[in-house]
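A short write-up of the structure that comes next.
The values are calculated or read from the model by the stated rules, or taken from the named source; none is laboratory data. Quantities reported herein were computed from a predicted structural model and do not represent experimental measurements. FYI the Cβ positions are ideal-geometry reconstructions off the backbone, even for glycines, and counts take in every protein chain you see. Note: accessible area is taken over every heavy atom of the protein model, side chains too, but ligands, DNA and RNA are not part of it. Shrake-Rupley method; radii C 1.70, N 1.55, O 1.52, S 1.80 Å.
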Amino acid sequence: MENFRSGRLSDYNYELVAAVSGEEVNGKLKEYFDKADAVKKVYVLDDGNSNYYQVEEGKDCSDLPSTYPDNVAALAKQKGALYNALDGLQLFSKEASEENVRKAYDDYYLAYGIYAEYGLPQCFSDEEIEAFQILEFLETLDVNQSYVLYNLCFRNISVFEIGENHRKVSLKMACQPQTGGIKKAWRFQYRFNMNFRQAMFGKLPVPVQERIQNLAAPLWEGTENGDVDDIFDISNLVMILNSRTATTTPVIEGLSEKASDFVTGVFVHHFFDKLERDEQTVFGRVITPKTGEEKYLFTPKKFTLTVDNPTFGTPSYDPAQTMLNYIVMCGDKNIPPLKKFSWRWLEASERGKLGGVMEINRDLLFARVCEQFKREILSRLRLEVNAWMEKQTVGFTYWLGIQSASGYDAAQFLLQPDGSYQYCYSHEKSSETVYGWIPPIFAASGSLAAKYSVACNARGGEITVDNVKYPALIFDARVVGWLDVVYDGGHSKGTIYDADLIFSLGIALDDYGNISFKKTFELKENKTTMDKSGWAEFASVGGIDSTVDGFTNYLKKWIGEFNGFAKSGFLNNFYTKMCWVMPGNSTFTYRDEGFTKGHDFYAMIKYVQE
């Protein structure tokens, strides 16, 4: 973890990265197959002229070609009747009778049958099941396209074909071995393109809809809920099914090439269609606002995907170490040139245990919060001073003024080498030098100078509120008032007010990605350095104590009032929901948030066990 905390997104010019591990995506897919009680049977008819027709459970067969005999056509017109007639022959049974085989061939023109149970092969050992990667995400820095290899296996799969030779009808059957492990399983590998596709809110899974409604809630405050599709664009990262390219297919011994073609073509197509219907070809989502973005603390505008695996291209390649990185930019910023991005803060043995992680660039988070802190908080500490001195018949008259500063505040929070941000403001005023008589000296000169400064450092840290620790944006401000009373070249000078103000903004992130702020304020008044004795030794009239004390008391009162405002008013006008990126293919929660050494904010993503 220590190495991770030294990372910085600013090195990549990325503003937000949300990632899910390939192992997590595979794990959820394995859970899906563990629960899947799906058995698929497809029967393929052949009219003798290569007009093949597929029959499966639930299919409307009214489009059966007219080249088939009347008895088959009659069954096709009745819902489910043709499938039931074929299935009733029990041809997948080892005890399939010759009579039924002949009937299937002569009466129904049946040529092929495919039976499969979805899931990982029964011949896999427990160790092979754990290590098996259904999905292998290929490393890429292509902003427009990513790729995934799908390793398809079935729990059980059998294929038969019926043919006639010398007027003898026979059925040949091939089955996936029940033993022998991964080397004996029938494995189909396909390469697919991955890309983002627009999605409609109403077609999303209910848990995803709930997340997005929560994100949209502030925009509907005080009104009836509107149409989510009117305010958000929703993009799914999907496996593009029509981009399928076979890279490896099994050799099905004992059957014709045509039988194999039906398995790798027709049947596999049915399989992926089912995956799509069950939302198992979606690997995450990004939501971008069409309206109201200025009301949120930050909102994404542009995004893409990169895939990283430190073992790509090495003899020790391990697909379990793959991370899918959603690269997000906010505002008007474009996607920068993509760089190889890696979460190397976990040991290789631990990478697979990571669900996901989100990291927000310090420049994105701090820039927005610091700007608001300057406007809402530091503006109240931005004061102007005035110093005035006038001679009297005997001695001098002093006057000090202090008021809220006017005009635009040009000072900015500037990035420091250590990753923190610093703001500096100061104002000073000096009177003209005046000359007068101060007993016992016949003639004397005097002037008055006042200075006020605020220096604020913003950094990531941690605070404890009610015995709970929170990552926090910490603003360390120092407020200093300073005077210099000049008399014939001598000085009574120093600080007349010096205080450290520590304002902390703890970040509490809930499961939905909502931020609530835990605000704390600490005031520490430091010892002042003003030496008033010099004037007393110099002059017998016109003491400066009341002038100095008045200036000090004014600042004390001002800072006291500032305390209450800072804790109650800061960031109240922002929507602090931030679950714009939903990496992965299942519901998740946020956990273990904090700041990196580079002051990026991060949160771990924990996927919910269904």
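For this structure, a couple of remarks:
- Residue that is surrounded by the most Cβ atoms within 10 Å (Cβ to Cβ), among those in region 130-174 that are modelled with pLDDT of 90 or more and of a type in the set (Val, Ile, Thr): 159
- Of all residues in region 53-65, exactly one satisfies the criterion of being in contact (Cβ under 8 Å) with a residue 60 or more places away in the chain and not charged (D, E, K, R), namely 54.
- Considering residues of region 314-358 that are farther than 22 Å from residue 15 by Cα and in a loop (DSSP other than H, G, I, E, B) only, the residue modelled with the highest pLDDT: 315
- So residue 242, is it without any contact (Cβ under 8 Å) to a residue 60 or more places away in the chain and within 24 Å of the chain's Cα centre (by Cα): no
- Qualifying positions in region 576-600 - of a type in the set (D, E, K, R), open to solvent by 10 Å² or more (accessible area, probe 1.4 Å) and either out of contact with any Pro (no Cβ under 9 Å at 6 or more places or on another chain) or over 21 Å from residue 296 (Cβ atoms) (or both): 591, 592, 597
- Residue satisfying all of: in region 526-537; over 30 Å from residue 466 (Cβ atoms) and of a type outside the set (Gly, Ala, Ser); least open to solvent (accessible area, probe 1.4 Å) among these: 535
- Of the strands (runs of 3 or more DSSP E) contained entirely in region 411-525, those carrying at least 1 residues that are among the basic types (Lys, Arg) and either touching a helix residue (DSSP H, G or I) at 6+ places or on another chain (Cβ under 9 Å) or surrounded by fewer than 20 Cβ atoms within 10 Å (Cβ to Cβ) (or both) fall at 421-430, 441-465, 468-487, 490-509, 515-525.
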